[in-house]
Amino acid sequence: MIRPDAQLRAGHIPADLIPPGTDPRTVVIVHTAPRSWTGPVLLILAGTVGVGALVFITTAAVLSLLQVAATTALALKAAIPALIGGGGLITFAVKAPKSGGSRPPLKKR
């Protein structure tokens with residue numbers, strides 16, 4: 001028993017802890033309960049699981065929104081030519097370049 005707290009746990013009361021004039025048989029040493037780490041460990045574990053769940057739910061929501069946006073863009077890409085050119089409402093004339101390969105010279109001012 002090298003450490004004083006080991007002496008106290010074993011029931012040995014050092015003489016310097018007993019006040020003068022006190023009967024050593026009537027002295028009682030009260031020990032504190034050992035610290036329980038269950039509460040702090042469970043709190044950290046619950047916080048970690050909560051943050052992980054929040055990240056998972058946020059990622060799922062963002063990916064769902066991206067999927068909706070991609071589906072909408074794909075539907076619009078397929079529908080716009082039918083709405084513009086296919087319905088006869090508006091037609092675009094696209095001028096294709098001639099296959100000659102040379103451009104006309106630029107005009108000088």
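Taken together, the values in this text are just the output of simple stated rules run on the coordinates, not laboratory data. Being a predicted model, the structure only gives us computed values, none of them experimental. Ideal geometry is used to build each Cβ from the backbone, glycine not excepted, and the neighbour counts take in all protein chains shown.
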- What ranking do Arg9, Arg35 get, fewest neighbouring Cβ atoms within 10 angstrom at the top? Arg35, Arg9
- Item | Alpha-carbon centroids, the range 54-80 and the range 1-33: separation in whole Å | 72 Å
- Query: Tell me, what HN-Hα J-couplings in whole Hz come from the Karplus equation 6.51 cos²θ - 1.76 cosθ + 1.60 at θ = phi - 60° for each residue of the range 50-65, using x for Gly and Pro?
  - Reply: x, 5, x, 5, 5, 5, 5, 5, 5, 5, 5, 5, 5, 5, 5, 5
- Query: Just how many % of Cα pairs in the range 1-69 lie over 21 Å apart, if you round to the nearest whole percent?
  - Reply: 61 percent
